[in-house]
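Comments concern the structure below.
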Amino acid sequence: MTDVYLVTGLMRSGTSFLAEALHKAGVPMGSFMRFPTMNPLAGFEWEDALLAEPLMAVVTGDRYEPRQIIGQYIETRGHGTWGVKTPFLMPFVGMFSEILVSIGMKPHVFITDRDYQETLASIRQQVSHLEGNGKREALERAETIQEVLSSYWREASEGASVFNAKESMENPDSVVARVHDIVHGAEG
């Protein structure tokens, strides 16, 4: 059975760090990066735009066809081992896993855990360089998305490997080792 690694969590909660750890463990994380910028802790923002953008549209109410979006995305990734990271996956972890199982693939869900207020503070800092209406609109949109995502955290974390953002920041080597162990069969 082919392994597929799903990484999700609130925005600004360490999902990129987990994706980078999976990449270091040999899991292909995609090639269509949504944010091709450096992340100080993780290295790169391993967020695949082919999935993140359409799921964000679903989360914000602009579009609703997640099963089709997920199915098409899985087709683009093929049948070898691979991973994907996006906070926008959180409401659809169950659906994504169900589709994977139905085609003979084994999902492994990795989810980050960080205090909601800390994630909001980090988002505010992230958009602090913007000015005027652009800043206000970006912040309002991000806070709305974060609120929606947080309502799915408990459901998405059931049966998942949970990674605490504080541990990722304070002891990254132990998190990387845990991810490596999961990928190579020592856990999960």
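Just to be sure before I move on: is Glu53 over 13 Å from the mean Cα position of the chain (by Cα), at negative phi and at pLDDT below 95 in the structure I sent?
Numbers: over 13 Å from the mean Cα position of the chain (by Cα): no; at negative phi: yes; at pLDDT below 95: yes.
Spelling it out, it is not the case that Glu53 is over 13 Å from the mean Cα position of the chain (by Cα), at negative phi and at pLDDT below 95.
Tally up the residues in the stretch 60-86 that are of a type in the set (D, E, K, R), in contact (Cβ under 8 Å) with a residue 40 or more places away in the chain and more than 18 Å from Met1 (Cα to Cα), please.
Matching residues across the stretch 60-86 total 1.
Would you mind finding the one in Val58, Val84 that is surrounded by 14 or more Cβ atoms within 10 Å (Cβ to Cβ), at pLDDT 90 or above and not in a helix (DSSP H, G or I)?
Numbers: Val58 fails: not in a helix (DSSP H, G or I).
Unique residue meeting the criteria: Val84.
Consider only pairs whose beta carbons are under 9 Å apart and that are at least six residues apart or on different chains; among these, list those whose first residue lies in the stretch 95-118 and is free of Cβ contacts under 8 Å to residues at least 40 places away in the same chain and buried (at least 17 other Cβ atoms within 10 Å of the Cβ) and whose second residue is of a type in the set (A, V, I, L, M, F, W, C) and assigned to a helix (DSSP H, G or I).
From residues that are free of Cβ contacts under 8 Å to residues at least 40 places away in the same chain and buried (at least 17 other Cβ atoms within 10 Å of the Cβ), the pairs are Ile99/Ile70; Ile99/Ile74.
Write out, first by first residue and then by second, each pair whose Cβ atoms fall under 9 Å of each other, whose residues are 6+ apart or on separate chains, and whose first residue, in the stretch 155-167, is under 18 Å from Val4 (Cβ atoms) and in a helix (DSSP H, G or I) while the second is modelled with pLDDT of 95 or more and acidic (Asp, Glu).
Ser157/Asp113
Do you know which residues across the stretch 126-140 are exposed (fewer than 14 other Cβ atoms within 10 Å of the Cβ) and over 23 Å from Trp153 (Cα atoms)? Even if it seems obvious, please write down each step before you answer.
The first filter runs over the stretch 126-140 and keeps only residues exposed (fewer than 14 other Cβ atoms within 10 Å of the Cβ), leaving 128-134, 136-137, 140.
If the condition is that a residue be exposed (fewer than 14 other Cβ atoms within 10 Å of the Cβ) and over 23 Å from Trp153 (Cα atoms), then Ser128, His129, Leu130, Glu131, Gly132, Asn133, Gly134, Arg136, Glu137 are the ones that fit.
I'd like the residue in the stretch 9-37 that is in a helix (DSSP H, G or I) and in contact with a His (Cβ under 8 Å, 6 or more places away or on another chain) and, out of all such residues, is modelled with the lowest pLDDT. Walk me through it before giving the result.
Taking the stretch 9-37 and keeping what is in a helix (DSSP H, G or I), we get 15-24.
Filter again for in contact with a His (Cβ under 8 Å, 6 or more places away or on another chain), leaving 21, 24.
Values: Ala21: 91, Lys24: 88.
For the stretch 9-37, the residue satisfying everything is Lys24.
Taking into account only those residues within the stretch 87-121 that are of a type in the set (Phe, Trp, Tyr) and either over 15 Å from the mean Cα position of the chain (by Cα) or under 20 Å from Gly26 (Cβ atoms) (or both), which is modelled with the highest pLDDT?
Ranking the candidates gives Phe110 first.
Being of a type in the set (Val, Ile, Thr) and in contact with a Phe, Trp or Tyr (Cβ under 7 Å, 6 or more places away or on another chain) is the filter here; which residues of the stretch 131-188 pass it? Walk me through it before giving the result.
Residues of the stretch 131-188 of a type in the set (Val, Ile, Thr): 144-145, 148, 162, 175-176, 179, 182-183.
Within the stretch 131-188, just Val175 meets the criteria.
In the stretch 87-125, which residue that is out of contact with any strand residue (DSSP E or B) (no Cβ under 6 Å at 6 or more places or on another chain), outside any helix (DSSP H, G or I) and of a type in the set (D, E, K, R) is farthest from Ala160 (Cα to Cα)?
Across the stretch 87-125, the extreme among qualifying residues is Asp115.
The values are calculated or read from the model by the stated rules, or taken from the named source; none is laboratory data. Given the structure is predicted, the values throughout are model-derived calculations rather than measurements. Cβ coordinates were reconstructed from backbone atoms using ideal geometry, including for glycine residues, and neighbour counts include every protein chain displayed.
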